[in-house]
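Engineer: Shown below is the structure under consideration.
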Amino acid sequence: RLAMLAAAAAVAGALPPMPDSLAEAANAVREEGRSTWAAYYKHARGFDSLRPLSHRGVNDWGSVGMMAIDCLDTLWLMNLTAEFKQARSIVEEIDYTPAGREARSVSTFEMTIRGLGGLLS
């Protein structure tokens, strides 16, 4: 059923056409990853998050560049090496000391699963 609905939606123009092969699907996902990273890098480099409608960066996870940390493993797995180097550079440049961050609390849970998990993977 879902495949039929997706095909009908694609014909109606609600969704992009389904790829003919796994390689095409993988390439489409990779290009979306590249596009998403490019938007973050252009509009919110070094911030925790990108607000896509306003094209502004915000520090909503403790001012630690969470998006860059969170994207490291995904960029690596997608073989986006230039983008990975950009993310690594951001992570290396952030001052993680309390004096180097905005005065806000940091979620231990989010820092563990996203921050530490992103760095370990």
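The values are calculated or read from the model by the stated rules, or taken from the named source; none is laboratory data. Keep in mind the model is a prediction, meaning the values are calculated, not measured. In this analysis, Cβ positions are derived from the backbone assuming ideal geometry, glycine residues included, and neighbour counts consider all displayed protein chains. Side chains are part of the model used for accessible areas, which takes the heavy atoms of the whole protein and leaves out ligands, DNA and RNA. Shrake-Rupley method; radii C 1.70, N 1.55, O 1.52, S 1.80 Å.
Engineer: Counting only residues that are under 20 Å from residue 28 (Cβ atoms) and assigned to a helix (DSSP H, G or I), how many does segment 74-85 have?
Structural biologist: Total meeting the criteria: 8.
Engineer: Something else: Could you tell me whether segment 82-101 includes any residue that is out of contact with any helix residue (DSSP H, G or I) (no Cβ under 6 Å at 6 or more places or on another chain), over 16 Å from residue 118 (Cα atoms), at pLDDT below 85 and surrounded by 13 or more Cβ atoms within 10 Å (Cβ to Cβ)?
Structural biologist: Yes, that holds for at least one residue.
Engineer: Same structure again: Under 6 Å between Cβ atoms, at least 6 apart or on separate chains: pull out the pairs that start in segment 68-79 with a residue that is at negative phi and end on any residue that is open to solvent by 30 Å² or more (accessible area, probe 1.4 Å) and small (Gly, Ala, Ser).
Structural biologist: Pairs found: 73/121.
Engineer: Take residue 46 and decide whether it is outside any helix (DSSP H, G or I) and over 17 Å from residue 110 (Cβ atoms).
Structural biologist: Details: outside any helix (DSSP H, G or I): yes; over 17 Å from residue 110 (Cβ atoms): yes.
So residue 46 fits the description; yes.
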